[in-house]
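The values are calculated or read from the model by the stated rules, or taken from the named source; none is laboratory data. Predicted model only: the values in this text are computed from it and were never measured. Heads up, the Cβs are rebuilt from the backbone with ideal geometry, glycines too, and the neighbour counts pull from every protein chain shown.
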Amino acid sequence: MKPVPGKTRGLGRRGATVLAGILLSLSLAHGPAGAGDPPKPRRIASLNVCTDQLLLLLGLRARLVSVTFLAADPSSSAMPEAVRGLNLNRGRAEEILPLRPDLVLAGSTAATPTVQLLRRLGHRVVVVPLATKLDDIPRNIETVARATGEEARGRKLIAEFRNELKRITAGHAAARKGPKPSAMLFGPNGVTSGAHSLAGAVIRAAGFTNSMAALGLAGVGRVPLETVLASRPRLLILSSLKRAHPSLASGLLAHPALGRVFAGRAVIRIHHHVWACGTPLVLGAIRRLALVRARLAAQGRAIRP
């Protein structure tokens, strides 16, 4: 039988009209082929504790199918309670593949074999660079926000970060006049930070000079206890881990020589997780250090730069 003119075989005029309407609706919903933004990812996996926290700060917990085990560790994450109940991974591909993620976020310094394998298998993976300065924080927020289709949330978080940073520094403008006092970061195993590091950027933003930068350290390194004692910075920052278990590494921070040499000098303890990642949470460290800077200025002591 020949098809009747004006009809689609097996559908008839009414069926063809309905089909055309459905196809038009689908094309409008998904946009023209090859145009427009991809749909927002709904199954996001994170292989890095810093991307874990950026995703949480953007309010995307409900779309996370997995975050790193470090996200639940108070020594590594500033938001351990926020990941309670989420699937945890250790950066292995066999943990991620069964979850069928439509987006995987990773850091630039770890889980490289997993990233390569996931990409070879066709998964979308976005690598977020390590933050070494404060300007990297808005950049990384923008990267994660764009990858997740949450540009508006990203712009809001960036604006809040910049406004609060400006408020903190402007609030202590008077105290920041004159010579900058020296500060040194000292953590477990003598780990410290130099000029080109996020912790170093936090120290500068609060109005201090970084003693380790003056000694030539660029990034993250280790410093002997003897160097700390000989340098005698005006402020000693003990970067401890939030763990109750004793260790030789952390025991260095309680060395009696530190108590004797730094008696009468400013000493502050800031947990490592505060500036381990480039997120707006570093504002807490800047705020605390800025208050110490203001107190030193108010004391009117002669401050050796």
Per the filter on the range 202-218, residues part of a helix (DSSP H, G or I) and either surrounded by fewer than 24 Cβ atoms within 10 Å (Cβ to Cβ) or not assigned by TED's automatic domain parsing to the domain that holds Ile270 (or both) are Arg204, Ala205, Ala213, Ala214
Of the residues in the range 81-96, how many are part of a helix (DSSP H, G or I) and surrounded by fewer than 16 Cβ atoms within 10 Å (Cβ to Cβ)?
-> 2
Within the range 180-197, count every residue that is more than 20 Å from His255 (Cβ to Cβ) and buried (at least 24 other Cβ atoms within 10 Å of the Cβ).
-> 1
May I ask you to verify whether Ala173 is over 23 Å from the mean Cα position of the chain (by Cα) and free of Cβ contacts under 8 Å to residues at least 12 places away in the same chain?
-> yes
Test for Ala131: is it outside the structural domain of Arg234 (by TED's automatic domain parsing), part of a loop (DSSP other than H, G, I, E, B), without any contact (Cβ under 8 Å) to a residue 12 or more places away in the chain and of a type in the set (A, V, I, L, M) = no
Scan (1) modelled with pLDDT under 90; (2) within 26 Å of Ala131 (Cα to Cα) for the single condition Ser247 breaks and write down its number.
-> (2)
Residues of the range 143-193 satisfying the condition of being part of a helix (DSSP H, G or I) and among the polar types (S, T, N, Q) | Thr143, Thr148, Asn163, Thr169, Asn189
Within the range 260-296, the count of residues that are modelled with pLDDT of 85 or more and over 26 Å from Pro74 (Cβ atoms) comes to 9
What are the residue pairs meeting all of these: first residue in the range 241-267, first residue over 20 Å from Pro181 (Cβ atoms), second residue at pLDDT below 80 and of a type in the set (D, E, K, R), Cβ atoms under 9 Å, and 6 or more apart or on different chains?
-> Ser250/Arg243
Within the range 68-80, of all residues that are in contact with a strand residue (DSSP E or B) (Cβ under 8 Å, 6 or more places away or on another chain) and farther than 10 Å from Leu56 by Cβ, the one surrounded by the most Cβ atoms within 10 Å (Cβ to Cβ) is Thr68
Quick one: would you say Ala218 is more than 27 Å from the chain's Cα centre (by Cα) and either modelled with pLDDT of 85 or more or among the β-branched types (Val, Ile, Thr) (or both)?
-> no
So Val202, is it out of contact with any helix residue (DSSP H, G or I) (no Cβ under 7 Å at 6 or more places or on another chain), touching a residue at least 60 places away in the same chain (Cβ under 8 Å), at negative phi and not acidic (Asp, Glu) = no
Would it be correct to say that Ala174 is surrounded by fewer than 23 Cβ atoms within 10 Å (Cβ to Cβ) and modelled with pLDDT under 95?
-> yes
